[in-house]
Amino acid sequence: MTTELLLAYLTGKMKMATKETSSVKSAEAAARLKKILPRLEKAHPDAKLDLDYKNPLELLIALILAAQARDDLVNQITADLFKIHQSAAHYATTPLPTLETQIGKINFYRTKARSIHNCCQHLVDRFAGKVPDNLADLLSLPGVGRKTANILLGNVYGQQTIGVDTHVSRLSQRLRFTKNTDPDKIEADLMAIVPGKQRVRFCHLLQYHGRRVCLAKKPNCPACMIRELCPFPHKTKPIVGTLSSSIRHRS
């Protein structure tokens, strides 16, 4: 066997081994996920998308505003904004300085006002003012990335997508559902293990668990109902004084 053939053979074997290892890890992650989902469902039965909206356009605008911003602040702004603007055409014909003033409390309001204005102009020019119901067309709109598109498709059009926001990203890594940090790669890893009919619900549950328990800086591992299923190596421990106080209080 020539050197070239030997190298090709060994490379092929390595790729097959890597693929088999990846399949085993995916199967292990899927098995843990099957146990994790019912516990999260029991802990967070009220989990939902926290942005207020009544139609696809309102959710699209809310998602553009929500970039690096709190959902409760976005809801405060859209409560009045949605009363003023009830169509894509109205956003598109509103002078940019006026739109900037209307959303002035949000971070990056000038950039977001421009994105809303340009996005709605595209909706009017290309889609008769309607928000598209497919990924390719959504991604062609100014200010719309893959996360925004997937969240919109999942929550208003009933498509089983996975929108990788900060909570979904962080918890998926801690739970070892993915080793990736790139949102698109995380989405692909999750699509491989999350059951098709549960993908949107999975995102809602991780979002609520991330806000209430698995916090970014200091996760509350002692209070976590999935801690024994979580391989995160830096789990926090109970504070002895707090635990003793809690026990005394109950007794």
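Values computed for the structure shown
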read-out	value
Sum of side-chain charges, Lys237 neighbourhood, beta-carbon under 13 Å (Lys, Arg +1; Asp, Glu -1)	+3
Rounded tilt (10° steps) of 109-127 against the dominant C-alpha axis of the chain	80
Formal net charge of residues neighbouring Glu100 (Cβ-Cβ distance under 13 Å; K, R +1; D, E -1)	+4
Residue-count net charge about Asp50 - beta-carbon cut-off 9 Å; Lys, Arg +1, Asp, Glu -1	-1
GNM flexibility winner over the chain from Arg174, Arg114, Arg126 (Cα, springs under 10 Å)	Arg126
Translational diffusion of the chain, µm² s⁻¹ [Kirkwood Rh, Cα pairs; Stokes-Einstein; 37 °C; 0.692 mPa s]	158
Using alpha-carbon coordinates, inclination of helix 146-156 to the longest axis of the chain, degrees	80
Rg/Rh (Cα only; Kirkwood hydrodynamic radius) as it applies to region 78-193	1.04
Estimated 222 nm signal from helices in the chain, with DSSP H stretches of n ≥ 4 weighted -39500 (n - 2.57), rounded to 500	-20000 deg cm²/dmol
Region 182-198 - phi-based ³J(HN,Hα) in whole Hz, Karplus 6.51/-1.76/1.60, Gly and Pro as x	6, x, 5, 6, 4, 4, 5, 4, 6, 4, 6, 10, 7, x, x, 7, 10
Highest-MSF residue in the chain out of His85, His122, His234 [GNM, Cα springs under 10 Å]	His234
Cα-based helix-to-principal-axis angle, 240-250 vs the chain, degrees rounded to 10	80
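Where a number appears in this text, it was derived from the coordinates with a stated rule and is not lab data. This one's a predicted model, so the numbers in the text were calculated from it and none came from an experiment. Heads up, the Cβs are rebuilt from the backbone with ideal geometry, glycines too, and the neighbour counts pull from every protein chain shown.
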